[in-house]
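Working notes, structure below.
The values are calculated or read from the model by the stated rules, or taken from the named source; none is laboratory data. Not measured: the values here are computed from a predicted model. FYI the Cβ positions are ideal-geometry reconstructions off the backbone, even for glycines, and counts take in every protein chain you see. In case anyone asks, the SASA skips ligands and DNA or RNA and just uses the protein heavy atoms, side chains included. Shrake-Rupley method; radii C 1.70, N 1.55, O 1.52, S 1.80 Å.
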Amino acid sequence: FNEEIMIADTQDILQKRERTEKVLTSVVNLPVIPKVMFETIKLLDNKYTTAGELNKVISKDQSLLTKILTIANSPLYGLQRKVTTIEYAILVLGYRELKNIISALSVAEAFRNKTDKYLNSKEFMLHSYLTGTACKKLASDIGFNNSGEAFIAGFLHDIGISIIHRYLHSSFINVTELVESKGMTFKEAELDVLGMTHEQVGYFLLDRWNFPKEISDPILAHHAPDATSSNPVLSAVVNLADYITNRLKLTNAPWDTDVTLSPYAMQKFNLERELDVERFIDGYKDIFWNQIEFVRFLN
């Protein structure tokens, strides 16, 4: 009897997942990336593009310019000198790093929705910025060879939340109400309503937008990375950054209230006991809080 119930539950989740993926498939082809961001990414793909050409395009969008310079100057990003122009940003960051920043911003902008009582857009973006720059810092500290990938994976780790809120809004409301009224975790409620978690939703779309697996896989695995992940170290970095932001209550991320630090992440950062975790987090506390004040005005 119990086995029959489990089979029925599995079939129900699969049916809901199919319906969710059908909606998401219709989103893939929408021209949602803002024009200036699209032009900039195109320019960055051309090795002959000059700093002047990039500056000319990026300067058309003062909001984008401000965000790039703010991220480049944020404490967790770790640059030694203040970046005040796109030309200097290119010099100290390089084309690849600049492309990582703009790619992350473009996806976030594409799926942004207005704030309502179910999701505060500013808090969501703050959590994204903070986790992205925290990932870059943590990755650099353990000698991960591409901290730019760490930034973009951290920045987009919860993009599935934004996608659900914008394109499956009634489902997002149902998920939130189940969490509040039934005491479910966000993951349990997502599976109950959508047949998918927000990690799976984010991965589904980024994969169809041809994002590199090195980035989309850690987004899929960031709540439970292990050695079998295709990019296990980066998955562990994102898991730890997400855990710290929630442990220190730096942002309001209700979908992450039950986030845990995976045993694999603890192993990668040599954290054997809870006391080690506390000491590790304490070592980053000041710089994280400085980071919050630095990016809080961005939206």
Problem set entry | Given (1) farther than 30 Å from D286 by Cβ; (2) open to solvent by 20 Å² or more (accessible area, probe 1.4 Å); (3) in contact with a Ser or Thr (Cβ under 7 Å, 6 or more places away or on another chain), number of the condition S181 does not satisfy | (3)
For this session: Select from the stretch 133-154 the residues that are among the β-branched types (V, I, T) and under 15 Å from L93 (Cα atoms) and write down the one among them that is modelled with the highest pLDDT.
Result: I152
Problem set entry | Inter-residue pairs, beta-carbon under 8 Å, first more than 22 Å from A241 (Cβ to Cβ) and of a type in the set (F, W, Y) and in the stretch 151-176, second open to solvent by 10 Å² or more (accessible area, probe 1.4 Å) and in a helix (DSSP H, G or I), 6+ apart | Y167/V23
Exercise. In the stretch 85-97, how many are on the phi < 0 side of the Ramachandran plot and in contact with a Gly (Cβ under 9 Å, 6 or more places away or on another chain)?
Worked result: 4
Problem set entry | Residue in the stretch 94-137 that is nearest to the chain's Cα centre (by Cα), counting only those that are among the hydroxyl-bearing types (S, T, Y) and in a helix (DSSP H, G or I) | S128
Exercise. Within the stretch 109-148, can you find the residues that are β-branched (V, I, T) and without any contact (Cβ under 8 Å) to a residue 40 or more places away in the chain?
Worked result: T115
For this session: Out of the residues in the stretch 241-288 that are among the charged types (D, E, K, R) and under 17 Å from D158 (Cβ atoms), state the one that is modelled with the highest pLDDT.
Result: D242
Exercise. For the stretch 133-174, which residues satisfy the criterion of being surrounded by fewer than 24 Cβ atoms within 10 Å (Cβ to Cβ) and aromatic (F, W, Y)?
Worked result: F144, Y167
Exercise. Of the residues in the stretch 55-93, how many are more than 25 Å from the chain's Cα centre (by Cα) and of a type in the set (A, V, I, L, M, F, W, C)?
Worked result: 2
For this session: State all residues of the stretch 31-83 that are free of Cβ contacts under 8 Å to residues at least 24 places away in the same chain and within 30 Å of G283 (Cβ to Cβ); if no residue qualifies, say none.
Result: L69, L79, Q80, R81, K82, V83
